[in-house]
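So the structure is just underneath, and the comments pick up after that.
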Amino acid sequence: MAIAEQKLTSVSPATASSGSFPWRTWLATVDHKKIGIIYIVSAFVFFLLGGIEAMLMRVQLGTPNNTFLSADVYNQLFTMHATTMIFLMVMPMNVGIGNYVVPLMIGARDMAFPRLNALSIWLFLGGGLLLYLSFLTGGAPNGGWFAYAPLTQVQYSPTAGMDYWILGLGLTGIASIAGALNFIVTVLNMRAPGMSINRMPLFVWMNLVVSFIIIFAFPTFTVGSIQLLFDRQFGAAFFNPAQGGDAVLWQHLFWFFGHPEVYILILPVMGMISEILPVFSRKPIFGYSFVAFSGVGIGFLGFIVWAHHMFGVGMGPMANAFFAAASMVIAIPTGVKIFNWIATMWAGDVRLTTAMLYAIGFISMFIIGGISGITLASPPIDLQQTDTYYVVAHLHYVLFGGSILGLFAGAFYWFPKMTGRLLNERIGKIQFWLMMISFNITFFPMHIVGTEGMPRRIYTYEAGMGWDMWNFIETIGTFLLAFSVLIFIYNVLSSLRNGEVASNDPWDAATLEWTIPSPPPSYNFLHIPVVNSRRPLWDAKYPHAAGDDHHGPSSAPSQVRYEYTDEETEGAKDIHMPSLTFSPMIFSGGLTVASLGFIYINKDILGLPTRVAALGFILIGIVMVSIAIRGWILDSRKDSPYLSQHH
Amino acid sequence: MAEHATHDQHAESHESHSTRFYWMIGAILAVITAVEVAIFLVKDTIGHELFLAILFILSIAKGAGVVMYFMHLRGDARIFQLVFIVPFLLAVTLCLGFLTIFSHHVGIAG
Amino acid sequence: MSATSHAHDEAGQAPLVGSLGVDSRKLGLWAFIGSETLFFTALITTHLIFYARTKADLAAKGMLEHMDPKLYLGIDLTTILAAILLASSLTMVLALAATKSKEWPKFRFWLLATIVLGSAFVLGQVYEFTHLYHEGLKLAPQYVYEGETVKSLFGVTFFVMTGFHGLHVTLGVVWLIAVYFKVRRFAASPENPMDVELVGLYWHFVDLVWVAIFTLVYLI
């Protein structure tokens, strides 16, 4: 690979371009890296919103008989907190990092369908904005993130909040399915020569598995929420037992999606951990195939355990026994992964960077969450603990202690690749320890109050139940947790300006994304690489150890920043990248506007004017979508070698 | 199979179905549909179980005909078979699982 | 496959055939069809669950035979609709065969035939819906049969399920028309066979869903 070498000090990061912010190149972008960054930034904003909702709830619960929040507002907050963290934070954050990193890891120049990729990000943003718009228009969704019937029927949830929930999540759902199809085709069909399936980095593997889970799990949720929409808008009564519907059917449809959804949240993060641990242990991952195939196994098993969320319904002993046994079986592939990660670190040359600390934090916290999960898989125990804070403790240990700690590991690991600057390690380590401690202060006592019987989703409680002290401690923990997030924001902002300039390969890593400049040029690879092993970069750097299972201590990480020479960049002009297009954004804007209209199409709020306005919104939406389709066709012609010449 | 801008005969032997072949498949599917409707009309005389059994076999044959020959899944790349058959099996699991649970059969799901 | 992708390079077409040796768009569409399979399965399953419940309810009240909501669905019209969709699958595959052998007049004929048959199916369904509506079947959790009100979700599950199928057929017709005009305008484009194959796959899948609905909803 022809690369020019320059000393670090002589190069200023490419992001420091002069002049105003290039809005057009971002809003009309089809570049997977820019789209990834839009995903990451917007997911982080939603993370802050969801965090603020959590803090408000914790203030309310900090003392007994508190009147800080009303019951109604509390219901909206816990619904939006969960919906935000799951659908608007962890999922898009995974997708964002995957969007940025996966094409680089497999040696591709972009995703398989760049315009579809742009559609996904704008649909996700449209759905998220629609959800948050509900706070301003009469009340946010308030039926809980799994929206149990019949609580979500119009008579029990009369505001438009649940309609916003259905259509907002509908838009993000389309975005997820489109994104997942894109990942599937990209990973299977855009790999560089030699990058066979069993040489793919484990992060790519997990993204592939998760994409299949998404396209197979989301349809039942789509069907369920469409039926719920018909219930609310047209009186269909699918889930209204009073009129012959079935509330339990909603639970089955929802959890057939909802359980695979938790693997959608955790598997990509497990993939990130499987990339980070080997690099900072200077050893190849232990049992590559086992880690990969246990991910596939988790994906499959995830589809036959859905009803373990429903033991409280009373499905009968045979059904309970089946779903309990199937749920416990999932502990096996999960345990395989955990032992492989530990074995990867074992006898390795471990470097405790911030990313590595977060990765180890992930493993330790995830083990606690996994063990409480196994206890919940047992119906007798579950019947005691269901709908208590024990469940809240469990899900936060796997989703915060798991997913979010892992995402911080990924952030510290890939930040230099995305921005050309390293995050400050010292601040990072302080933040890590503060977050670990405050996370446990916040969530560990929930195991205790849960087993003592404190129900989840109550907006206040009487004094003297034995919950007062723990709840107060949890609230203090939340504020410490929020402070640690503020430290991270400070770290990002200051590092973007003054952070240490990153070389191509600041961590002495093994995968392809570290062979190209930081941040990479729009075409990623000047020459598509040819891959001969699972660790192409290590093999290039340490030919004497190639094929050896033990990588061993090496020379110091590269301090050299590679830049393509002017001559080479000149040659890169022949690389055809898809052209800018606003059509995906207009398309998703149109769908969002039409969805907003659809919410009010059958609402008796101001009588006729509301309906006319609603119809108007739908028409505007349809016009926007039509314009976008026309523009999409014309823009895609520009990139078709034949059609652009014969137009 | 993917590309046929230029027809490469040895690479795509399964592609060489003649239009006559498609007409034949179409005729068979039409006959199956006619038989389905015919047994629907006489279902009271043949008994419910036999009716269901025949109907399922005929419908599966019809669906398989569409997938294998009209959609060319037979003989096409393995990955296409995978991304269709795996969700199809999941769908069958979903349907049978839900119908079992909602049968409220005492001892299994009640 | 390598031979064909090479041919593409000569035609000035960016090779869409990737590391797996298949066309990217076709792989994406097959995966999408897999996803849609689960979508329709969930709709059909919901219908079957509530239909079984209606039958059990009616039997408990001793009014099974003549109250069965299925009596609304005329088998004659449905059979015609099924035949139309099946015939359109045949014309679709014939259109694709004509594309591959570059017999453009034949292609235009068969694709137009598919469009006409698809539109006929949609119109037939519109007729069926209005007919059922006037008979008393509504998008509501009860229906009136021979002057008696029966509580059942039959109308709800039936209209939502077949309505979403009809929506898919309608979108398919729009896609077919788009492909027709694109191929007419760029007759020499190397993209044509794949464009036709993709819309064909989607079209056959919509037909496949009807095979399932025809059996599970109309016949059983």
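The values are calculated or read from the model by the stated rules, or taken from the named source; none is laboratory data. Everything numeric in this text was worked out from a predicted model, so none of it was measured. Because the Cβ atoms are built from the backbone with ideal geometry, glycine has one as well, and the counts that use them run over all protein chains shown.
What are the pairs, 6+ residues apart or on separate chains, where a residue within the range A:535-552 that is at pLDDT below 80 has its Cβ under 6 Å from a residue that is part of a helix (DSSP H, G or I)?
Cβ pairs passing all conditions: A:A546/A:D539; A:H551/A:A545.
Are any residues in the range A:505-527 among the polar types (S, T, N, Q), modelled with pLDDT of 90 or more and closer than 17 Å to A:G410 by Cα, and if so, which ones?
Of everything in the range A:505-527, just one residue is among the polar types (S, T, N, Q), modelled with pLDDT of 90 or more and closer than 17 Å to A:G410 by Cα, namely A:T511.
Among the listed residues C:S35, C:S19, which satisfies the condition of being of a type in the set (S, T, N, Q) and either modelled with pLDDT under 85 or part of a loop (DSSP other than H, G, I, E, B) (or both)?
None of the others qualify; the one that does is C:S19.
So, in the range A:188-215, exactly how many residues are more than 9 Å from every other protein chain (Cβ to nearest Cβ) and within 18 Å of the chain's Cα centre (by Cα)?
Residues flagged as more than 9 Å from every other protein chain (Cβ to nearest Cβ) and within 18 Å of the chain's Cα centre (by Cα) within the range A:188-215 amount to 10.
Out of the range B:63-85, which residues are more than 7 Å from every other protein chain (Cβ to nearest Cβ) and not polar (S, T, N, Q)?
Result: B:A64, B:G65, B:M68, B:Y69, B:H72, B:L73, B:R74, B:G75, B:D76, B:R78, B:L82, B:I85.
If only one of B:I60, B:I25, B:I101 is within 7 Å of another protein chain (Cβ to nearest Cβ) and at pLDDT 90 or above, which one is it? Outline the logic, then answer.
Numbers: B:I60 fails: within 7 Å of another protein chain (Cβ to nearest Cβ); B:I25 fails: within 7 Å of another protein chain (Cβ to nearest Cβ).
So the residue among B:I60, B:I25, B:I101 that is within 7 Å of another protein chain (Cβ to nearest Cβ) and at pLDDT 90 or above is B:I101.
Sort out which residues of the range A:584-617 are of a type outside the set (A, V, I, L, M), closer than 17 Å to A:L133 by Cα and under 26 Å from the mean Cα position of the chain (by Cα), and write them in order of number.
Of everything in the range A:584-617, those that are of a type outside the set (A, V, I, L, M), closer than 17 Å to A:L133 by Cα and under 26 Å from the mean Cα position of the chain (by Cα) turn out to be A:S588, A:G589, A:G590, A:T592, A:S595.
Looking at (1) more than 28 Å from A:F257 (Cβ to Cβ); (2) buried (at least 22 other Cβ atoms within 10 Å of the Cβ), which is the one condition that is false for A:T83?
A:T83 satisfies all of (1) more than 28 Å from A:F257 (Cβ to Cβ); (2) buried (at least 22 other Cβ atoms within 10 Å of the Cβ) except (1).
Answer yes or no as to whether A:G138 is out of contact with any His (no Cβ under 8 Å at 6 or more places or on another chain) and either part of a helix (DSSP H, G or I) or buried (at least 24 other Cβ atoms within 10 Å of the Cβ) (or both).
Criteria not met by A:G138.
Give all pairs with beta carbons closer than 8 Å in which a residue from the range C:136-154 that is at the interface with chain A (Cβ under 8 Å from one of its Cβ atoms) meets a residue that is part of a strand (DSSP E or B) and of a type in the set (S, T, Y); count only pairs at least 6 apart in sequence or on separate chains.
Correct list of pairs: C:Q142/C:T149; C:S152/C:Y143.
Kindly indicate whether any position in the range A:456-475 is assigned to a loop (DSSP other than H, G, I, E, B), out of contact with any Pro (no Cβ under 9 Å at 6 or more places or on another chain) and aliphatic (A, V, I, L, M).
The answer is yes; a qualifying residue exists.
Return the residues of the range A:230-271 that are assigned to a helix (DSSP H, G or I), within 7 Å of chain C (Cβ to nearest Cβ) and of a type in the set (A, V, I, L, M, F, W, C); say none if nothing qualifies.
Within the range A:230-271, A:F230, A:F234, A:L249, A:L253 meet the criteria.
Confirm whether A:Q227 is at pLDDT below 95 and in a helix (DSSP H, G or I). Walk me through how you get there before you give the answer.
Numbers: at pLDDT below 95: no; in a helix (DSSP H, G or I): yes.
Considered against the rule, which asks whether it is at pLDDT below 95 and in a helix (DSSP H, G or I), A:Q227 comes out as no.
Give the range A:423-437 a look and list any residue that's surrounded by fewer than 21 Cβ atoms within 10 Å (Cβ to Cβ) and within 14 Å of A:R351 (Cβ to Cβ), or say none.
A:E425, A:K429
Return the only residue of C:T114, C:T157, C:T170 being closer than 30 Å to C:F50 by Cβ, part of a helix (DSSP H, G or I) and within 14 Å of chain B (Cβ to nearest Cβ).
Details: C:T114 fails: closer than 30 Å to C:F50 by Cβ; C:T170 fails: within 14 Å of chain B (Cβ to nearest Cβ).
One residue alone meets the criteria, C:T157.
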